[in-house]
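Down below is the structure, laid out as structure tokens.
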Amino acid sequence: MLIIGVLASGKGSNLQAIIDNIASGKLNARIGCVISDNTDAFALERAKKAQIPAYHIPYKNTLMPECEIEYIECLKKHNVELVCLAGFMRIIKPTLLNAFKNRIINIHPALLPAFPGLHAQKQAYDYGVKVTGATVHFVDEGMDTGRIILQRTVEVKKDDTEETLSERILGVEHQIYSEAIKLFADKQIK
Ligand code: GRF
């Protein structure tokens, strides 16, 4: 069974969707550990509640590779094969990328390559696009630039606010992240 590690900085609703999809049998995988750079991340509470080893590991904002060593040690200790970034607000550096080569994926709340970076939903809403969506992609050294695994569209409705649009996008994220992990588990992507 594929062992995944989840890195999250915030509320962790994508983590929760993965936990739920594993519990219901939709996704045949196991979460080896959850790591957050933020001691207050609700994602850590969700992990503990699901009896998943949960760690707060500070991520120093430095170009030195040291800041990722503890992450790598922790992921390896739990035999993680695929690292899933779920609202992890850091740019992954070469140390971690090389330790898990082509085995780090991310979820982004827009149809990449449109609207990379922060506040993607707001960027799309303000631009006035009629269709946006969510993307699961491999992580490389750039900001949301890695190869695309899965995308799903979300239509922008006339009466949408940034909040209602973001909510629908999040619902789609919760579906496609587990689908992408399943593709990896089934060796349909590598
Ligand atoms: C999601 O919108 C994800 O696409 C982005 O950060 C948000 C995290 O939400 N990268 P959550 O912590 O999973 O609820």
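The values are calculated or read from the model by the stated rules, or taken from the named source; none is laboratory data. Keep in mind that this is a model prediction, so the values were computed, not measured. Here Cβ is always computed from backbone atoms with ideal geometry, including for glycine, and neighbour counts include all displayed protein chains.
Only residues that are exposed (fewer than 13 other Cβ atoms within 10 Å of the Cβ) and outside any strand (DSSP E or B) were counted across the stretch 152-163, and they come to 5. Could you please let me know if E66 is away from the ligand (no atom under 16 Å from the Cβ) and closer than 16 Å to I104 by Cβ? So E66 fails the test.
Among residues of the stretch 1-24 that are touching a residue at least 40 places away in the same chain (Cβ under 8 Å) and on the phi > 0 side of the Ramachandran plot, those with a Cβ under 9 angstrom from a residue that is among the hydroxyl-bearing types (S, T, Y) and buried (at least 19 other Cβ atoms within 10 Å of the Cβ), sequence gap 6+ or separate chain, pair up as G12/S36. Here is the figure for the stretch 91-125: residues that are farther than 28 Å from M1 by Cβ and modelled with pLDDT under 95 total 3. Looking at T145, is it part of a loop (DSSP other than H, G, I, E, B) and away from the ligand (no atom under 11 Å from the Cβ)? For T145, the condition - part of a loop (DSSP other than H, G, I, E, B) and away from the ligand (no atom under 11 Å from the Cβ) - is met. Note on the stretch 162-190: residues that are more than 12 Å from the ligand (Cβ to nearest atom) and touching a residue at least 12 places away in the same chain (Cβ under 8 Å) total 12. The numbered conditions (1) at pLDDT 90 or above; (2) touching a helix residue (DSSP H, G or I) at 6+ places or on another chain (Cβ under 6 Å); (3) within 16 Å of the ligand (Cβ to nearest atom); (4) farther than 16 Å from L15 by Cα are all true for A86 except (4). A Cβ distance below 7 Å, combined with a sequence gap of six or more or placement on separate chains, defines the contacts here; from the stretch 130-142, residues that are modelled with pLDDT under 95 reach residues that are surrounded by fewer than 24 Cβ atoms within 10 Å (Cβ to Cβ) in the pairs E141/P94; E141/L97.
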